[in-house]
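Step one of this worksheet: look at the structure below.
The values are calculated or read from the model by the stated rules, or taken from the named source; none is laboratory data. Please read all numbers here as calculations on a predicted model, not as lab measurements. Every residue, glycine as well, gets a Cβ built from its backbone with ideal geometry; the counts of neighbours run over all protein chains shown.
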Amino acid sequence: MTQNREILGIFPIPVTTQQFDCGEKIREYFESQPMRDQDKQITQEYGRVSANVQILNEPEVKTLSDFILGNGLFFANTLMGWDITEMKFSQSWISQKEPGQFHTRHTHPNSVISGVYYFADDKGIDLQQIVFHKNTKPATYTNSFTPAENLELSNKSHFAWSYFTITPKKDLLLLFPSFLEHSVGTNITPFVRKSLAFNMVPADGIGSDAALTRLMFG
């Protein structure tokens with residue numbers, strides 16, 4: 001009998017998507033940013049990043065910055081349930097993946113909310129999906145069962161998904177908790193994959209003075 005069955009999707013992790021046209025002036029400003037020199041191995045596994053890692057604090061991009069911060073505050077308060085009055089950028093940078101480069105699976109430590117904004121034209125971007133990964137081995141359940149690699153799982157149930165992909169499009173903004181693991185596959189196109197990445201934190205820090213847990217972010 002199944003008529004009384006209820007399936008609860010407990011502890012969901014939100015990811016938001018939203019379109020926003022930043023305008024040609026901001027796009028040109030991003031395109032003009034010099035890239036940082038990096039070790040060859042690091043470049044292969046992470047791509048290249050801009051020399052300026054505070055780019056969303058520049059006056060040239062204020063309209064986009066304000067839009068992202070407003071959405072970050074909604075994400076923090078409404079979706080995550082955090083009591084935050086103002087968000088700020090801790091880092092923001094241009095990310096590039098040349099043909100053959102990828103971005104290994106990772107999180108963003110020392111941050112609260114992270115995101116990506118795809119400012120470039122669609123050339124090659126829509127073939128380079130961002131992949132969000134399910135943590136199948138939580139630290140508190142290290143002895144629990146996890147499916148073997150050869151165990152066939154149905155992808156019809158989202159409870160069985162081990163990853164979820166989102167196809168980037170021009171002007172798409174993604175926001176997600178900084179602890180959510182994600183990656184980008186190898187760029188198999190002849191184009192350079194370009195995007196803006198950023199981290200956000202509460203402007204007035206986290207924790208409390210009363211509990212002696214206050215951490216300020218400058």
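Selection of region 53-73 for residues being among the charged types (D, E, K, R) and outside any helix (DSSP H, G or I) yields only Glu58.
Among the residues of region 74-107, those identified as outside any strand (DSSP E or B) and more than 19 Å from Ser208 (Cα to Cα) are Phe74, Phe75, Thr78, Leu79, Glu98, Pro99, Gly100, Gln101, Phe102, Thr107.
In summary, Thr136 fulfils each of the numbered conditions (1) more than 18 Å from Thr104 (Cβ to Cβ); (2) modelled with pLDDT of 60 or more; (3) in a loop (DSSP other than H, G, I, E, B) with the single exception of condition (1).
For region 9-18, the tally of residues that are exposed (fewer than 10 other Cβ atoms within 10 Å of the Cβ) and within 22 Å of Thr167 (Cα to Cα) stands at 1. Taken together, the criteria place Asn110 among residues that are in a loop (DSSP other than H, G, I, E, B), closer than 25 Å to Pro202 by Cβ and either among the polar types (S, T, N, Q) or under 18 Å from the mean Cα position of the chain (by Cα) (or both).
Within region 168-177, the set of residues being crowded, with 18+ Cβ neighbours inside 10 Å and in a loop (DSSP other than H, G, I, E, B) comprises Pro168 only. The single residue among Glu58, Glu6 that is of a type in the set (Asp, Glu), over 25 Å from His182 (Cα atoms) and exposed (fewer than 11 other Cβ atoms within 10 Å of the Cβ) turns out to be Glu6.
Close Cβ contacts (under 7 Å, 6 or more residues apart or on different chains) running from residues in region 154-169 that are aliphatic (A, V, I, L, M) to residues that are modelled with pLDDT under 90 comprise Ala160/Leu153; Ala160/Ser154; Ile166/Gln129. When the residues of region 34-55 are filtered to those that are of a type in the set (S, T, N, Q) and in contact (Cβ under 8 Å) with a residue 12 or more places away in the chain, the one that is surrounded by the fewest Cβ atoms within 10 Å (Cβ to Cβ) is Gln54. Somewhere in region 3-18, is a residue in a helix (DSSP H, G or I), closer than 28 Å to Pro99 by Cβ and not basic (Lys, Arg)? Scanning region 3-18, I find no residue that is in a helix (DSSP H, G or I), closer than 28 Å to Pro99 by Cβ and not basic (Lys, Arg), so the answer is no. Restricting attention to region 79-118, the residues that are of a type in the set (Gly, Ala, Ser), touching a residue at least 24 places away in the same chain (Cβ under 8 Å) and either touching a helix residue (DSSP H, G or I) at 6+ places or on another chain (Cβ under 6 Å) or over 22 Å from Val131 (Cβ atoms) (or both) total 2. Looking for something of a type in the set (A, V, I, L, M, F, W, C) and at pLDDT below 95 - is there at least one such residue anywhere in region 59-72? So far as region 59-72 goes, no, none of its residues is of a type in the set (A, V, I, L, M, F, W, C) and at pLDDT below 95.
In this structure, Ser178 qualifies as more than 21 Å from Glu98 (Cβ to Cβ) and polar (S, T, N, Q). The selection criterion, being surrounded by 10 or more Cβ atoms within 10 Å (Cβ to Cβ), acidic (Asp, Glu), in contact (Cβ under 8 Å) with a residue 60 or more places away in the chain and under 30 Å from His133 (Cα atoms), holds for Glu31.
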